[in-house]
Amino acid sequence: MDSPSTAQDDLLKRGPRPPEDLLPPPAERQCLRERWGATIEEVADALNAEPETMAAWEAGQHTADPADTYAYLRLLNAFRDQLPTVHEPDWAALRKRPTPSASAACAPAIPAQKTAGRAKAKPARRGALWTQEEKDYLRAGFLDGTTVLELAESLERSEKSVRWMLHHLHLIPFPADDVPTPRVKPERPKAYTVEEKRMVHPNAYAPWSTEEEQLLAERCTQGASLADLSREFGRNQGGIASRLIKIDAVGPAAGEAWEYGGDEPTLPFDTDSP
């Protein structure tokens, strides 16, 4: 029979058993990952899990043993603790109430395109890099009470793109409703391996180095497109887009990244993408 001290040591080695509600709600898990700029694949790699399993776990449709659960909790807490914080004014108090003439309060730098009776067309500037003039106009118009729809029409952009830029300018909270719900499929044998993925994208799932991020920002500034960067860095366009947003890159590909938004080509933020 084991001695009391041995039994105590064995019990302590097993670690605490996490309660069912230890992890934050699924929406907060996804929000923290998106704000950090990490893909499902990157989080899965960090936790030694499959991407499909990780997507189900983030959506609250998967449970794990105590050790893995605490590892996931530590990662989420690290995201929360290290994300930059900024002073947020009371935008609700500063913003004027929308009025029928609010959109005329500040003259738009880009003329409005929509006319009565015309079928809704795709935004002409979808995917274009935001200029400082556009950002200044967006901020001024929003604070003056102009609606998101009116701002989107005058800037020739989608409403989702306008909401993401308003969040980027710290004017509205994180637009969680614009983030697509992960498509969780039933457990089934993997259709591919990492090695097979790397036959198309040689650096798929590989961590980014500081040198690679610097080169990515430089190539973006030089005018490379999202497709160009995908070929050059051996990664899919979703991973390139997430990294461009995370490092706050400047260039045409960065504009594409804001519209692309997702980690996979089938899950763009902007539903008017082809």
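The values are calculated or read from the model by the stated rules, or taken from the named source; none is laboratory data. Worth saying up front: this structure is predicted, and the values here are computed from it rather than measured. Glycine also receives a Cβ, built like all others from the backbone with ideal geometry; neighbour counts cover every protein chain displayed.
Scanning the range 198-229 for residues that are surrounded by 14 or more Cβ atoms within 10 Å (Cβ to Cβ) and within 18 Å of P51 (Cβ to Cβ), we see that the one that is farthest from the chain's Cα centre (by Cα) is R198. Just checking, does the range 231-248 include any residue being modelled with pLDDT under 85, surrounded by fewer than 19 Cβ atoms within 10 Å (Cβ to Cβ), more than 13 Å from the chain's Cα centre (by Cα) and acidic (D, E)? No: the range 231-248 contains no residue that is modelled with pLDDT under 85, surrounded by fewer than 19 Cβ atoms within 10 Å (Cβ to Cβ), more than 13 Å from the chain's Cα centre (by Cα) and acidic (D, E). Per the listing A71, A44, the residue uniquely touching a helix residue (DSSP H, G or I) at 6+ places or on another chain (Cβ under 9 Å), surrounded by fewer than 18 Cβ atoms within 10 Å (Cβ to Cβ) and farther than 22 Å from W164 by Cα is A71.
Could you check the range 48-69 and list, in sequence order, the residues that are in a loop (DSSP other than H, G, I, E, B), of a type in the set (S, T, N, Q) and over 15 Å from P24 (Cα atoms)?
Answer for the range 48-69, where residues must be in a loop (DSSP other than H, G, I, E, B), of a type in the set (S, T, N, Q) and over 15 Å from P24 (Cα atoms): just N48.
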